[in-house]
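Here you go, one structure.
The values are calculated or read from the model by the stated rules, or taken from the named source; none is laboratory data. Every value quoted in this text rests on a predicted model; they were computed, and no experiment measured them. Virtual Cβ from ideal backbone geometry, glycine too; neighbours counted across all protein chains shown. Just so you know, the surface numbers come from the protein's heavy atoms only, side chains and all, with ligands and any DNA or RNA stripped out. Shrake-Rupley method; radii C 1.70, N 1.55, O 1.52, S 1.80 Å.
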Amino acid sequence: MKCFNEEIIQRYIDGETSVKENDVIEKHLAACDECAQKVKEAKEKAENIKHLIISMDVEPVGVPAFDYPKRRKISKHHPKRWLYVASIACVLVFAILYINRNEKDQEYYLSYEFESEFNANLPISEQDMTVRIYDSNGMLVMQ
């Protein structure tokens, strides 16, 4: 019969094997002196480690409980969100149409800034922001 690897032996020692696996392992240990020696050494090693851990004079470290933040339910069809998205889309469409109506060789620059501190927990559509379009001369074309 094939001998067991260290992982299976450790699982057996820790009591993590099923009853059926225990029967197979115990039958093998009765027939195989090498595996029986490995199990004996592994049990001794585990007992030594337990004894060392118990004998350590260390104060227990307290870990504070984690307070989960309250989950805010956000509807996919939130009217305010759609209002922001629609207003930004209108501004961009108007800007494109306005820009194309004027000089075609002129370059334009888009600038945006948040009116309040950026909140990474909110989607971009719910942030208060100002969009400005400048021409290549630095003149404000649209806000």
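Label segment 6-75 by shape, choosing from rounded, prolate and oblate, from the square roots a ≥ b ≥ c of the eigenvalues of the Cα gyration tensor; if a/c is under 1.5 it is rounded, and otherwise prolate applies when a/b is larger than b/c, oblate when it is not.
On the way: a/c = 5.59, a/b = 1.74, b/c = 3.22.
Because a/c hits 1.5 or more and a/b fails to exceed b/c, segment 6-75 counts as oblate.
Pairing rule first: another cysteine's C-beta must sit under 4.7 Å. Under that rule, which cysteines of the chain stay single?
CYS3, CYS90 - these cysteines have no disulfide-compatible partner (Cβ-Cβ under 4.7 Å) in the chain.
When only DSSP loop residues count, what trypsin sites (Lys or Arg not before Pro) in segment 2-56 have their Cβ near at most 15 other Cβ atoms within 10 Å?
Details: sites: LYS2, ARG11, LYS20, LYS27, LYS38, LYS40, LYS43, LYS45, LYS50; in loops: LYS2.
Those satisfying the criteria are LYS2.
Still on this structure, I have one more. Between SER87, SER18, SER125, which gets the highest mean-square fluctuation from a Gaussian network model of the chain, Cα cutoff 10 Å?
Of SER87, SER18, SER125, the Gaussian network model singles out SER18 as fluctuating most.
With contacts defined as alpha carbon pairs under 8 Å and 6 or more residues apart, what's the relative contact order of the chain in percent? Numbers along the way, then the final one.
Details: 79 pairs, mean separation 20.9, N = 143.
Relative contact order comes out at 15 percent.
For segment 27-67, just say rounded, prolate or oblate: build the C-alpha gyration tensor, square-root its eigenvalues into a ≥ b ≥ c, call rounded for a/c under 1.5, and beyond that prolate if a/b exceeds b/c, oblate if not.
In terms of gyration-tensor shape, oblate.
Which sequence of ASP33, ASP135, ASP14 reflects their accessible areas, 1.4 Å probe, from the largest down?
Values: ASP33 125, ASP135 25, ASP14 85 Å².
Reading off the accessible areas and sorting them downward yields ASP33, ASP14, ASP135.
Using only Cα atoms, tell me the angle between helix 79-101 and the longest principal axis of the chain; keep it within 0 to 90° and round to the nearest 10.
50
Quick one: how many Å² of LEU97 are accessible to a 1.4 Å probe, rounded to 10?
Here the accessible area works out near 110 Å².
Which far-off residues, 5 or more places away or on another chain, put their amide H under 5 Å from the one on ASP128, with H placed in the peptide plane?
When sequence neighbours closer than 5 places are left aside, the close amide H contacts are GLU115, SER116.
ILE25: accessible area at probe 1.4 Å, nearest 10 Å²?
ILE25 has an accessible surface of roughly 10 Å² with all protein chains in place.
So, one more: Obtain the nm distance between the two label points defined at VAL91 and GLU41 by a simple spin-label model: each point lies 7 Å from its Cα along the Cα-to-C-beta direction.
Taking the two extended label points, one gets 7.2 nm.
Moving on. Here are several values of Kirkwood radius over Cα pairs in Å: (i) 15.8; (ii) 23.2; (iii) 20.9. Which one was derived from the coordinates shown?
Only one option fits the structure, namely (ii).
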